[in-house]
1. Give the residues of the range 32-48 that are assigned to a helix (DSSP H, G or I) and either exposed (fewer than 12 other Cβ atoms within 10 Å of the Cβ) or out of contact with any helix residue (DSSP H, G or I) (no Cβ under 7 Å at 6 or more places or on another chain) (or both), sorted by residue number.
2. If I ask for residues that are modelled with pLDDT under 80 and either surrounded by 10 or more Cβ atoms within 10 Å (Cβ to Cβ) or aliphatic (A, V, I, L, M) (or both), which ones from the range 76-90 would you list?
3. Inspect the range 40-61 for any residue being β-branched (Val, Ile, Thr) and modelled with pLDDT of 85 or more and give the result as yes or no.
4. Taking only the range 12-31 into account, find how many residues are within 12 Å of Arg49 (Cα to Cα) and surrounded by 14 or more Cβ atoms within 10 Å (Cβ to Cβ).
Amino acid sequence: MATNQESRRARRSAAEWRQVLSRFVSSGLAVEAFCDREGISDTSFYRWRSRLGAPMGRSDALVNAASASFVDVGPLQSESERPGRIELTLDLGGGLQLHLVRS
């Protein structure tokens, strides 16, 4: 039977968590896959990421960038034109595209 000392989970310092979070950003993995690989709980991961204000992964950064900035594409039609079909495609990188159509 394991002693109390052996059964304790490893405790990481803030500096160690910064290293873990840095590895996550460069891994390109989803949070769940990364945590499985590292042997950490996703709850601890999210808690420490929040505490340290750590950089986010690629998908998190895309969502955050979209909500943090505004791109003015100008008027889609002049007031004298009647409404028509409008298509807008945004290339988000990594093969991900957002395609909007108004008929």
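The values are calculated or read from the model by the stated rules, or taken from the named source; none is laboratory data. This one's a predicted model, so the numbers in the text were calculated from it and none came from an experiment. Virtual Cβ from ideal backbone geometry, glycine too; neighbours counted across all protein chains shown.
1. Narrowing the range 32-48 to residues assigned to a helix (DSSP H, G or I): 32-38, 42-48.
Residues satisfying the conditions are Glu32, Ala33, Asp36, Arg37, Thr43, Ser44, Tyr46, Arg47.
2. Passing the criteria: Leu76, Gln77, Ile86.
3. Step one: of the range 40-61, the residues β-branched (Val, Ile, Thr) are 40, 43.
Then keep just the ones that are modelled with pLDDT of 85 or more; that gives 40, 43.
Checking the range 40-61: at least one residue is β-branched (Val, Ile, Thr) and modelled with pLDDT of 85 or more.
4. The number of residues fulfilling the criteria is 7.
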